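Worksheet: one structure, shown below.
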Amino acid sequence: MELTSKLVKSVAYDPSTGVLDIEIRLKGYRRYFNVPPVIYQNLITAASPGWYYTRHIRDVFPRSAVGNVTGRMSQMMRALKGKSGQLS
């Protein structure tokens, strides 16, 4: 799901695993684990998704895939553009 944020470009969330994928403008992709559904909902409905991300996600949840990610994850993020933001 694309966001209108200067920091967060797009997000995808899988509620069955609690995995949140975030594309940060100019920095690449981040994958966060054990993220509750309410955090995803708050992120996509926040008046400032970038502020919400830095305050409630960035240093709170374990993460991987720091930097520019190529291959499967970037393909997945491209495939999600225009969808609801939830993985199936």
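Every read-out reported here was derived from the displayed coordinates using simple, explicitly stated rules and does not represent laboratory data. In this text, all values refer to a predicted model and were calculated from it rather than measured experimentally. Virtual Cβ from ideal backbone geometry, glycine too; neighbours counted across all protein chains shown.
Run the numbers for Gln41 and Thr4: contour at 0.36 nm per residue of separation, minus the present Cα-Cα distance, in nm. Could the numbers behind the result be given before it?
Values: separation 37, 0.36 × 37 = 13.32 nm, distance 1.49 nm.
Fully extending the segment from Gln41 to Thr4 adds 11.8 nm.
For a quick check: sort Thr54, Thr45 by the number of other beta carbons within 10 angstrom, fewest at the front.
Thr45, Thr54
Using the 10 angstrom Cβ neighbour count as an exposure proxy, how do Glu2, Glu23 rank, fewest first? Present the calculation step by step, with values, prior to reporting the outcome.
Values: Glu2 14, Glu23 21.
The fewest-first ordering by Cβ neighbours comes to Glu2, Glu23.
When a footprinting reagent is the concern and you count Cβ atoms within 10 Å, what order do Val38, Val19, Val60 take, fewest first?
Numbers: Val38 8, Val19 17, Val60 12.
Ordered from fewest to most neighbouring Cβ atoms within 10 Å, Val38, Val19, Val60 come out as Val38, Val60, Val19.
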